[in-house]
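S.K.: Structure incoming, see below.
The values are calculated or read from the model by the stated rules, or taken from the named source; none is laboratory data. Just so you know, these numbers come straight off a predicted model, no measurement behind them. In this analysis, Cβ positions are derived from the backbone assuming ideal geometry, glycine residues included, and neighbour counts consider all displayed protein chains. Accessible surface areas use protein heavy atoms only, side chains included; no ligands, DNA or RNA. Shrake-Rupley method; radii C 1.70, N 1.55, O 1.52, S 1.80 Å.
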Amino acid sequence: MTNSSLRLRPLVSMILFISAYAPLMVIMAIKQVDLKSTYYFSSPTIGFGLLIAAVLSSIMVLLTVKSVKSGLMVTVSKASNKSGDMFGYTIPYMLSFMRIDLSEWQTVLAIILFLLVLFIMAYRTQTVFINPILAIFGYMLIDCTFKRGEREIQAMIITRKPIVSGDAICIDRLSHYLYIRSNSDYKDNMEAI
C-alpha cells in the first residue's frame with residue numbers, strides 16, 4: 001500500500017465530489033429544458049454543461065473504482081453497514097426544489113461558492129469517496145475492524161459485496177481511514193464458489 005497522501009489528490013477528489021452531485025446536475029438540467037428553444041434548453045451552455053459534467057464525472061468514478069486490481073489481504077474482525085452515511089449528500093439536492101434561475105450570474109456564483117465550501121469540507125475530512133453514484137451502482141460503505149498481521153485497524157471499506165466477520169478480503173487504501181475492496185478479490189471469491 002502506498003502513502004495515502006499520494007492517493008487523494010485534489011483533482012481526483014474534485015472529480016469524485018462532482019460525481020456525487022451528478023443526479024443533482026441532471027435535475028438542474030431538466031429544469032432548464034425549454035422545448036421551444038432551438039437547443040432545447042433555456043440556457044444551452046448551462047444545460048449541456050451540467051449534463052456533460054454529470055455523465056463524464058460518473059463514468060470516470062466508476063472506471064476508477066473498477067480499476068482497483070490489487071491490495072493487501074486482511075481478515076475482518078467486525079463489520080457493519082454504514083451506507084446510510086451517504087445520505088449526507090442529499091442536503092444540496094434541496095436546491096432542485098427551489099425556483100433557481102441559472103441564467104443569473106449571482107445565482108450561479110452563489111451555488112458554486114456553496115459547493116466549493118462543501119468540497120473543501122469533504123476533501124479535508126477525506127469523505128469524498130462517500131458518494132451516491134457509487135451507492136446507485138451497488139457499492140456499500142462498511143465500517144470494519146480488520147487484522148493486518150498482528151495489528152488491528154478500524155476503517156471504512158467501499159465494496160460491492162457484503163463483508164462479514166471472519167472474511168479474508170483484499171483491500172487497497174484510498175486515504176487514512178478509507179479503503180476499497182479490490183476487484184481481484186471478487187474474482188478470487190467467485191472462483192472459490
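S.K.: Tell me, yes or no, whether the stretch 171-191 has at least one residue that is acidic (Asp, Glu), at pLDDT 80 or above and over 22 Å from the mean Cα position of the chain (by Cα). Quick ask: steps written out before the conclusion?
M.R.: First, the residues of the stretch 171-191 that are acidic (Asp, Glu): 172, 185, 188, 191.
Subset that is at pLDDT 80 or above: 172.
From the residues that got through so far, the ones that are over 22 Å from the mean Cα position of the chain (by Cα) too are none.
Checking the stretch 171-191: not a single residue is acidic (Asp, Glu), at pLDDT 80 or above and over 22 Å from the mean Cα position of the chain (by Cα).
S.K.: Determine, yes or no, whether Leu63 is exposed (fewer than 15 other Cβ atoms within 10 Å of the Cβ), at pLDDT 80 or above and assigned to a helix (DSSP H, G or I). Before the answer, list the steps.
M.R.: Working: exposed (fewer than 15 other Cβ atoms within 10 Å of the Cβ): yes; at pLDDT 80 or above: yes; assigned to a helix (DSSP H, G or I): yes.
So Leu63 passes the test.
S.K.: Then there is this: From the list Leu174, Leu115, Leu109, Leu134, which one is in contact with a strand residue (DSSP E or B) (Cβ under 8 Å, 6 or more places away or on another chain) and part of a helix (DSSP H, G or I)?
M.R.: Leu134
S.K.: Further, regarding this structure: Please determine, by comparing only the residues of the stretch 146-171 that are open to solvent by less than 20 Å² (accessible area, probe 1.4 Å), in a strand (DSSP E or B) and among the β-branched types (Val, Ile, Thr), which one is nearest to Ala79 (Cα to Cα).
M.R.: Among those residues, the one meeting the criterion is Ile157.
S.K.: Of all residues in the stretch 25-49 being assigned to a loop (DSSP other than H, G, I, E, B) and of a type outside the set (Gly, Ala, Ser), which is most open to solvent (accessible area, probe 1.4 Å)?
M.R.: Restricting attention to the stretch 25-49, the residues satisfying the condition of being assigned to a loop (DSSP other than H, G, I, E, B) are 32, 34-40, 42-43.
Keeping just the survivors that are of a type outside the set (Gly, Ala, Ser) gives 32, 34-36, 38-40.
On the way: Gln32: 12, Asp34: 57, Leu35: 137, Lys36: 195, Thr38: 112, Tyr39: 136, Tyr40: 138 Å².
Here the residue is Lys36.
S.K.: Could you tell me which residue of the stretch 72-116 is nearest to Gln154 (Cα to Cα), considering only residues that are at pLDDT 70 or above, surrounded by 15 or more Cβ atoms within 10 Å (Cβ to Cβ) and within 18 Å of the chain's Cα centre (by Cα)?
M.R.: Lys82
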